[in-house]
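The values are calculated or read from the model by the stated rules, or taken from the named source; none is laboratory data. Worth saying up front: this structure is predicted, and the values here are computed from it rather than measured. Positions of Cβ are backbone-derived with ideal geometry, glycine not excepted, and every protein chain shown enters the neighbour counts.
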Amino acid sequence: MLPLARRLWRDRLESRALKYLEEHVLGLKRSSEEVPGYEIPWLYFDYLRTGDARPLAGVFYHNAMDVVAMAALLAHMNDMLETPYGGKVQHGLDFIALGKLFEDLGHWDEAARLFERGLESQLNEADFGVAVKRLSILQKKRGDLSEAIRLWESAAAQGHLYAFIELAKHYEHKERDVQSALKWAQAALHELEKIDLPLYARKFWITEIERRLERLKRKAGI
């Protein structure tokens, strides 16, 4: 279950340990009988030395709760995958994670729907940018260019550089509209001037945009 848990909650939760998922996904907490996992070997060694099994009660509780929690988590994951719109999935990042999973499995229509649902939720700017990028590229793979363009234009309006470049690519290579491609590439360079980026990231985007501008200007005869 751990690989699936990592895929579903890697971006939202700081840990995918079973006990952490119990508390932050299932909303369950263990009682004071709980023994931390790191104490279990020492309690067992004490039992071997003394023959007193009473301290092992907390160990049995710990192991029993692990089994119960895994069963509950498996049922929850199953509901997320089978009926993601039925209320089990509430966080926007969980919809995005499911979208990535379904995209990788080749279920592109369902992946697009999940990405769209995630974008309707409250996401921070970085997560929103990643989600829009995944969805727009997925729409391009599906052949739904009009929807991809709408998403790129929406993302560009929010200052996401990749969207300007995708629009420049589209108008240059798909529409053969050099002037529109040039407009989007110039807009990308203008947007870059307003964004505070690490030096390496700024260098990457400047190189990408300037190369594109040079080629487009040659095509436009400028």
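A few notes on this one:
- Residues that are within 24 Å of residue 93 (Cβ to Cβ), assigned to a helix (DSSP H, G or I), touching a Ser or Thr at 6+ places or on another chain (Cβ under 9 Å) and among the hydroxyl-bearing types (Ser, Thr, Tyr) occur at least once in region 160-171.
- So residue 50, is it polar (S, T, N, Q) and within 30 Å of residue 137 (Cα to Cα): no
- Checked against (1) surrounded by 14 or more Cβ atoms within 10 Å (Cβ to Cβ); (2) part of a helix (DSSP H, G or I); (3) modelled with pLDDT of 85 or more, residue 139 passes all but condition (3).
- Residues in region 64-122 that are within 22 Å of residue 136 (Cβ to Cβ), free of Cβ contacts under 8 Å to residues at least 24 places away in the same chain and loosely packed, with under 15 Cβ neighbours inside 10 Å: 4 in all.
- In the set 151, 199, only one residue is free of Cβ contacts under 8 Å to residues at least 24 places away in the same chain and crowded, with 17+ Cβ neighbours inside 10 Å; that residue is 151.
- Residues of region 36-52 that turn out to be over 16 Å from residue 17 (Cβ atoms) and either surrounded by 13 or more Cβ atoms within 10 Å (Cβ to Cβ) or touching a Ser or Thr at 6+ places or on another chain (Cβ under 9 Å) (or both), as a count: 4
- Search result, residues across region 1-23 that are free of Cβ contacts under 8 Å to residues at least 12 places away in the same chain and not in a loop (DSSP other than H, G, I, E, B): 3, 6, 20, 23
- Any chance residue 206 is of a type outside the set (Gly, Ala, Ser) and outside any helix (DSSP H, G or I): no
- Each residue in region 36-53 was checked for being touching a helix residue (DSSP H, G or I) at 6+ places or on another chain (Cβ under 9 Å) and assigned to a helix (DSSP H, G or I), and 7 pass.
- Residue match in region 121-134 (condition: of a type outside the set (A, V, I, L, M, F, W, C), over 19 Å from residue 106 (Cα atoms), at pLDDT 85 or above and assigned to a helix (DSSP H, G or I)): no
- With respect to the stated conditions, residue 126 fails to be of a type in the set (A, V, I, L, M), assigned by TED's automatic domain parsing to the domain that holds residue 1 and without any contact (Cβ under 8 Å) to a residue 12 or more places away in the chain.
- Residue-level analysis places residue 33 among those that are outside any helix (DSSP H, G or I), surrounded by 10 or more Cβ atoms within 10 Å (Cβ to Cβ) and in contact (Cβ under 8 Å) with a residue 12 or more places away in the chain.
- The single residue among 27, 37 that is more than 30 Å from residue 120 (Cβ to Cβ) and outside the structural domain of residue 130 (by TED's automatic domain parsing) turns out to be 37.
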